Each structure stands twice: as structure tokens, then as C-alpha cells.
1. Across the range A:260-282, what is the total count of residues that are part of a helix (DSSP H, G or I) and basic (Lys, Arg)?
2. Among the residues of the range B:97-108 satisfying the criterion of being among the charged types (D, E, K, R) and free of Cβ contacts under 8 Å to residues at least 24 places away in the same chain, which is farthest from the other protein chains (Cβ to nearest Cβ)?
3. Which residue out of A:Ile98, A:Ile115 is assigned to a helix (DSSP H, G or I), within 19 Å of the chain's Cα centre (by Cα), within 16 Å of A:Gly163 (Cβ to Cβ) and not small (Gly, Ala, Ser)?
4. Does the range A:15-38 contain any residue that is within 14 Å of another protein chain (Cβ to nearest Cβ) and either acidic (Asp, Glu) or touching a helix residue (DSSP H, G or I) at 6+ places or on another chain (Cβ under 9 Å) (or both)?
5. Just the residues that are surrounded by 14 or more Cβ atoms within 10 Å (Cβ to Cβ) and either touching a strand residue (DSSP E or B) at 6+ places or on another chain (Cβ under 6 Å) or not in a loop (DSSP other than H, G, I, E, B) (or both), please, taken from the range B:89-100.
6. Just to check your reading of the model, which residue among A:Leu183, A:Leu232 is within 23 Å of the chain's Cα centre (by Cα), crowded, with 20+ Cβ neighbours inside 10 Å and assigned to a helix (DSSP H, G or I)?
7. Can you tell me which residue among A:Asp280, A:Asp238 is of a type in the set (Asp, Glu) and modelled with pLDDT of 95 or more?
8. Out of the residues in the range A:343-364 that are in a helix (DSSP H, G or I) and buried (at least 20 other Cβ atoms within 10 Å of the Cβ), state the one that is nearest to the other protein chains (Cβ to nearest Cβ).
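The values are calculated or read from the model by the stated rules, or taken from the named source; none is laboratory data. The structure displayed is predicted, hence computed values, not measured ones. Neighbour counts run over all protein chains shown; Cβ positions are idealised from the backbone, glycine included.
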Amino acid sequence: MSNINIGNAPPDKVVLPFYATGAFVFWLLCLLLMADPGSLTQHHFNPHLLAIVHMAALGWGTMIIMGAAHQLLPVICERDLFNPVLASVSWYFLTAGIIFLAYAFWNMQTGWLMISGGVLVVLSALAYFINTAFTGSVFIHYSVVRLFIFSSAFWLLFTTLIGLLLAINLRYVFFTKNHLELLKLHAHAGLAGWFLQLIAGVSSKLVPMFLLGKSDKEKLLLYAFILQNAGLLLFLFDGYFFEMPALRMLVYAVLVAAGITCWLLYLYDAFRNRVRKKADIQMKQTFLSFLGIVIAILLVPFVLYANDSRWGIGYGAFLFMGWITGLILGKTFKTLPFIVWNRHYKNLSGKAKIPLPKNLYSEALVQWQFRIFIAAMVLLAAGILMNNTIIVQVASVFWLLLATIYLFNVMKVLLHKKTLLS
Amino acid sequence: MIVSLSQPYANEKIKAQQALYNVIDPELFVNVIDLGLIYEIDFDGENSITVTMTLSTPHCPMGEAITNGVRNALEIAFPGRTININLTFEPRWNFEMLTEEGRAQLGV
């Protein structure tokens, strides 16, 4: 073979624990949601909701996305992952951190347990940041996608540091500013910095790759990058140093929304110019998840001007459960089966009759996952916006069913044994 | 890759092409010939075969599986010969390289 490096993916033992842990935490948080549906109809600063949100953001969203990012960094940066050991370090720290934080928030135990959890999560984010920075440090081809990946890793580190300071502040008050105002900044650094920019970057590479689509409108991605970061930076700066009125918040939200629009227009252009016309169920779920972020943005004026916390909780639900969860549910079966398939079959290809990656999981369950996701999200949104605990309770049953199906299918892939077809 | 019957080793090249129809891209479910990933197959006497090929994207996560598949399929079709894989991204793969059959399989 020529000396072109086709990119050795990191060892699967590095990446697979992220998927296993994420799937389990998703199931657990759905169970907790069912145990206390009332937490979604109270003020958002309540112990159980804080525990559930941190499990969703760190144990579920960050866990799976970070695992997938370690696998995809070589594809995006066109070179091997800088240090697979650091990737494992990220997983150990993140897993330990989320256990500490979830327990501490659920029981509202401020102090060393919560602070230790915060320190562990910061260390995990730091290890990920180092891996990202060094993997992407050699520019073979300039791309905006790489800018997104780098900035999102920075925002993750920033978000977790602010989170740690807030955990300390709950026990040893040192911020002069209102804790709830700071919490808003912390949450949006995570949402618009870490999640949005990583998803924007990775999807701009993967969606065209999966659909065999292309777009020559890379400028849209550059505008998206600038607008999303400008909106977020102005929001954080104004929010920390000044008393930010609702109108200015709305202006910053419009900037970020314009950035999101540019990114979605780029994806739409790649979708329009695709070779592969038939979108599979995973891609459909991915596209549906984008509706979650669009609805969340449309709710922003209500969050800002209606003096009612249900709009804020609804906004968060559309982002975490509609957008991030929807996206992960779709993308899991576009990445995980390939990682496991590679381990078992990459040396047997062309030599024996072997299963395809799609044979490693149940496609029927992915179909059901898609349908139940729609029902669960509609019920959850209705329950929150109508402030009706019974509807939230019914929704939580659907979420638990969805999480159970997802966990089963993920474990089916992870526990797959090598099989030769006759 | 089009094989002309008048070129040297035409029969061997057709046999190699037949073997490579069995190597499937695990993501797209289309074989490497119809995807247009194989640029050239060169026979060097009785000893070795050099395949010049590409991937649909650099650092394709399935890259190793696909190149292994090409090597394995040719080792079975031509036992005893050394198989060399010359991976290139010049020219870069694009949709125009799909065969009619490849387009049909992708639903284009």
C-alpha cells in the first residue's frame, strides 16, 4: 500500500464505553423523569430537575457526542487521533463526575461532593480539549468544520469551568451577581458553544458524506461560525458585566439564530444536491431533530417576555430532548455499528460472507424508536406548556419505553459476536 | 474502470474485476467497481498485481475494511501473487465515477 495514511480510528475500547455509558444514563434519566414528573412543572431551579438536566447534558449528550467525536476527529482532521489514552481519561473523569454531580444535585448536597464532581468534569473537558487541539493542529486542508470542532471544545472547557465555579458558589458564596443569572450564562455557553458548534461542525461533514451530497456554499458555514460565536460572546459579556435587558438578549438570540439558519441552509443545499435520494430512518430522525432547535428558538420571545418558568422549561426540553436527543438517537446507528463491525470484520472483507453493519442491530426497533420519540416529545411539550403533571407523567412513560428500546439495541451492537454467513 | 480486450492481461483484468464485484462498501452497500473506487489494475508478469484505487472520502472510517477487502478478494482469485494497493486521492472521487449500475443501486 502507498504511504497515504487512511486514518486509523482510535481503538474501539476507547470509544465504546462512551456509548454504553451514555445509553445507560439516558435510560436512568428517563426513569428519574418518571419518578418525579412534577420537577418539570415547578420553577427550573429545583434539585431533581438540576440532577436530570446535568445527567442529560453530561451523562447523555456530552457522553455520546464526545465518544463519537473521538471517532470522527480523524475523519474530519484527516490524521490520527492525537492521544487515545487521553480519550479514555476523558471517559473516566466524565463518568465519575456525573455520578457525583447527579447524586449531589438530586439530594441538593452542596459542598465537597458537588465540587469534586465539577472538578472531574472539568478534567474530562480539559483532556478532550487537548486531544482536539493537537489532532487538529496540523492543517492539511483548511475547513470551517475544523474551526467548529476546535471552538466547541473550547466552549465545553469554558462551560465546565463556569459550572465548577457555580458549584463552589453554592457552598461558599463569592459571586456578587445573582446565581440564577450566572446559571443562564453557564447553560447557554454549553448549548450555543459546546453542543451547537460541535453538532454544526460534525453534521456539516457527515450529512453530505452519508447522503453523498455536496454543497459549494462553504461561505454559509463561515457566516454560521461567526454569527453563533458573536451572539454567544455578546450574551456572555453583557450578561456578566451589565444588567442585560430582555431586548438585548433577544438581539443576541437573533444573531445565534441567524448562525443556525446559515448552517441549516448549508445542510439543505447538500441535501438538495445529493446522489443518494432515499434517506434512511436514521437520517429522517436526524432531520426531525433539527425541528427541535427551530421550535426552541421560536420560544425565545416567550421565555424572555412571559413571566412564567414553563416557557423556559419548554425551551430546555426542546433543546435537550427534541434536538440533542433526537440527533443522538438517529446518529448512534450511523456510527456505533460501523465501529463494532470494523473490529470483527475488517480483515474478513472480501474473504468470507459476512454481515453488514446494518445487520448488527434491529432496524425494526430503530423504526419504533423513531415513532415513540415523536409521541414522547409531543406529550412532553404539551405537558410542560400546559403545566399538566399528568401529561408529563404519560410522556415520561413513553420516554422510558424509548430509552429501553434504545439501550437494548445499543447493547445488541456492543455484545455482537463474530458470525460468518453461510 | 474499463477493460479493453486488446490490452495486455485483459483476461486477468476481467477476472480481477469479477473478484472485486464481491467487495462491498459496508455503508453504501455497493461494490467497489460500481462505486468507481478502482482506478487501475496492473499485472506485473506472474508475480504481482498493483491496484490503484481511492476512497469516497480521505480518512474514510471504513477505509481499512475496503482496502483489506480488495486485497483479500484478489488473493483468492490469484493465489500466490503479491497484491499491492496504491491508494490515491488524485483525482478525488466524485459522483461522476459511479457506473450506471452503481447509480441504480443507490437509487439515483
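1. Going through the range A:260-282 one residue at a time, the tally reaches 1.
2. Result: B:Glu100.
3. Numbers: A:Ile115 fails: within 19 Å of the chain's Cα centre (by Cα).
Sole residue among the options that is assigned to a helix (DSSP H, G or I), within 19 Å of the chain's Cα centre (by Cα), within 16 Å of A:Gly163 (Cβ to Cβ) and not small (Gly, Ala, Ser): A:Ile98.
4. So in the range A:15-38, the residues within 14 Å of another protein chain (Cβ to nearest Cβ) come out as A:15.
If we keep only those that are either acidic (Asp, Glu) or touching a helix residue (DSSP H, G or I) at 6+ places or on another chain (Cβ under 9 Å) (or both) as well, we get A:15.
Within the range A:15-38, one or more residues are within 14 Å of another protein chain (Cβ to nearest Cβ) and either acidic (Asp, Glu) or touching a helix residue (DSSP H, G or I) at 6+ places or on another chain (Cβ under 9 Å) (or both).
5. Hits for the range B:89-100 are B:Phe95, B:Met97.
6. A:Leu232
7. Values: A:Asp280 fails: modelled with pLDDT of 95 or more.
Unique residue meeting the criteria: A:Asp238.
8. This residue is A:Pro357.
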